[in-house]
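Only one structure is covered here, and it is reproduced in the block below.
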């Protein structure tokens, strides 16, 4: 429990910075809705001139830009990208710190099993993700209400906002698995950004080629905002894949870190 408290305390400042950044990003994009809502037809024509693949990649359909939830799906895409980097950052850094900071001596002398260390650190990451998503759901709802008086179904809004939790969980557990495979990680952010944008590029490629096989290679395809904004639901096959992959990441994290040689001072 002390490990959990310490991890949450150490991550508090970073969580606040990321939270302000994500809310600010969403607020900035949603503020633009105040400008275009009275000129929707003109903006609709502009976006209709773009290729369908490009519109899908931005989470925009030809019929939903004038609706506040339709525009929200476009703005929320950038929150998903930033939130995914944050989650990957959390996952990669939380265990790699033991190697980078040479805390092997501490773990060896303390009567705490490595499996418990992993569990507490993983729980700390998960709690931070939950906090971030609660903040984002509440902030998103307030921002939407501030910029528009349109009525919408809360369940539909929740399905769209919930994609952040699904993607953050995926990238956090992926980050944990990546961190135990690598021998030593000096800088976390380049790895996090590289992995997230690699998956996003695969997603964009799938939007262009419309290849069903490519959709399985990127979590952004699992929780495609263009699909969610039209159906307000997730595709069952991708939710199952999400569960399976998360379980695989967790399994390898426990298996490898439990046997990994940790440097000591």
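Rule-based calculations on the coordinates, nothing more; no lab input. Remember, predicted model here, so these are calculated numbers, not experimental data. Methodologically, a virtual Cβ is constructed for each residue, glycine included, from the backbone with ideal geometry; neighbour enumeration extends over all protein chains shown.
The calculated 222 nm mean residue ellipticity attributable to helices in the chain amounts to -26000 deg cm²/dmol, summing -39500 (n - 2.57) over DSSP H runs of n ≥ 4 and dividing by all residues. Considering only alpha-carbon pairs that sit under 8 angstrom and 6 or more positions apart, the relative contact order computed for the chain is 29 percent.
From the alpha carbon centroid of the range 64-96 to that of the range 18-48 is 15 Å. Distance between the modelled labels on residue 184 and residue 158, one decimal in nanometres: 4.8 nm (7 Å Cα→Cβ projection). Each peptide in 25-38, 82-95 was scored by the mean count of other Cβ atoms within 10 Å over its residues; highest first, the order is 82-95, 25-38. Angle check, please: helix 114-147 long axis (alpha carbons) against the longest principal axis of the chain (alpha carbons), in degrees 0 to 90, nearest 10. Around 20 degrees separate the two axes.
As a ratio to 2.2 N^0.38 Å, the alpha-carbon radius of gyration computed for the range 2-257 takes the value 1.08. Taking Cα atoms, how many degrees apart are the long axis of helix 163-181 and the longest axis of the chain, rounded to 10 and kept between 0 and 90? The answer is roughly 30 degrees. Shown is the FRET efficiency for residue 49 and residue 145, computed with R0 = 35 Å from the Cβ-Cβ distance and rounded to the nearest 0.05: 0.65.
Indicate the gyration tensor shape class of the range 3-44 (rounded, prolate or oblate), computed on the Cα atoms with a ≥ b ≥ c the square roots of the eigenvalues: a/c under 1.5 is rounded; otherwise a/b larger than b/c is prolate and the rest oblate. Verdict is prolate for the range 3-44. Sorting the segments 124-135, 242-253 by their mean number of nearby beta carbons within 10 angstrom, highest to lowest, gives 124-135, 242-253. Gain on full extension, evaluated as 0.36 nm per residue between residue 28 and residue 209 minus their Cα-Cα distance, stands at 62.0 nm.
Stretching residue 235 away from residue 10 to a fully extended chain increases their span by 77.3 nm, per 0.36 nm per residue minus the current alpha-carbon distance. The angle between the Cα long axis of helix 189-209 and the longest principal axis of the Cα atoms of the chain comes to about 40 degrees, rounded to the nearest 10.
Here the range 175-233 and the range 119-147 have alpha carbon centers that stand 20 Å from each other.
Counted residue by residue at 0.36 nm each, then reduced by the alpha carbon distance between them, the extension gain from residue 126 to residue 78 reaches 15.1 nm.
Here each label is just a point 7 Å from Cα along the line to Cβ, and for residue 201 and residue 113 those points are 4.2 nm apart.
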